[in-house]
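The values are calculated or read from the model by the stated rules, or taken from the named source; none is laboratory data. This structure is a prediction, so every number in the text was calculated from the model and none was measured. Backbone-built Cβ (ideal geometry, glycine too); neighbour counts: all protein chains shown.
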Amino acid sequence: MLDVLEGLVRQYGQGAVVENKEVPNEHNEGIIQDVTQGILGGLTKQANAQGGLGSLLGLFTGGGASQSQGVNGLMSNPMVQMIAKNVISNIMQKYGLSNNAASGIIGNILPSVLGGLISKTNDPNDNSVDLGGLMGTLSGGKTNGIDFGSIMGQASNALADGKLDMNDLLNLASGGGSKPNAGGGGLGDLLGGLGGLFGKK
C-alpha cells in the first residue's frame, strides 16, 4: 500500500513539486517523501481513533464530498483538512517554504492522491490495493479478518429504509461475516463510526 501511495504522490508531485520554481531542486525528493509519510500518518491516526474506521470507510467508498463534488471536494472533508494542515506545517518548517507555496503543493497533490487511492480501492480490475488490505495496513492489523465488502453490502441494505438504527447495527455486527478482535477495537470502532459514513442529516 505504501508503494501505491508513494507512486501516486510522485505522479501528482511532478507538477506540484518537481516543476515548481518555488521548490529548490534539492528538496524535491524530501518533500515527496514527507508528503507520502504525512498522508500515511494522517490516515493511520484516523484509523486508530475511536470511530475513525467508519470515517475512513466513508472516504474510501465514495461517500461525502468526494462523491458529490469530485476530487476537489475532498478538501472539504475535515479529516483531509487535518492531514493537509499537518503536512503543510511540516514542509514549511523543514524546507523553509512560504505558507502559499506549501499550501499550493498540498492543495494540488493531496486531493489527487486521495482521489487516485479511492479510485484504485473501488476498481475491481485494479488489484494493487483493496479496501480490506488498506484498512488492515492503516489500523495496524486490527481489522484483519473483517470482510469489509460484506459489511458495506449489508450496510447498504440496512439503509434501504433511509435510516440506520440499532437493529441494523446489531445485524451488521452479528451477520457481517466478521469477527471482532479479542483485543478490542476493530468492528467496534467500525460500527462506532458508521454514523459519519452514512451522513448525519
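Just to verify a result, which residue in region 22-64, among those that are assigned to a loop (DSSP other than H, G, I, E, B) and β-branched (Val, Ile, Thr), is nearest to SER139 (Cα to Cα)? For region 22-64, the residue satisfying everything is THR61. Only one entry of GLY96, GLY140, GLY145 meets the criterion of being over 18 Å from GLN11 (Cβ atoms), over 19 Å from the mean Cα position of the chain (by Cα), at pLDDT below 90 and not charged (D, E, K, R), and that entry is GLY145. Suppose we keep only residues that are farther than 18 Å from VAL18 by Cβ and touching a Gly at 6+ places or on another chain (Cβ under 9 Å) within region 99-118. Which one would you say is surrounded by the most Cβ atoms within 10 Å (Cβ to Cβ)? Ranking the qualifying residues of region 99-118, first place goes to PRO111. Report yes if VAL9 is at pLDDT 95 or above, within 29 Å of GLY140 (Cβ to Cβ) and among the hydrophobic types (A, V, I, L, M, F, W, C), otherwise no. Taking the combined requirement at face value, the residue satisfies it.
Is it true that GLY54 is modelled with pLDDT under 95 and surrounded by fewer than 23 Cβ atoms within 10 Å (Cβ to Cβ)? Answer is yes for this residue. Look at (1) loosely packed, with under 14 Cβ neighbours inside 10 Å; (2) modelled with pLDDT of 95 or more and you find that THR36 fails only one, number (1).
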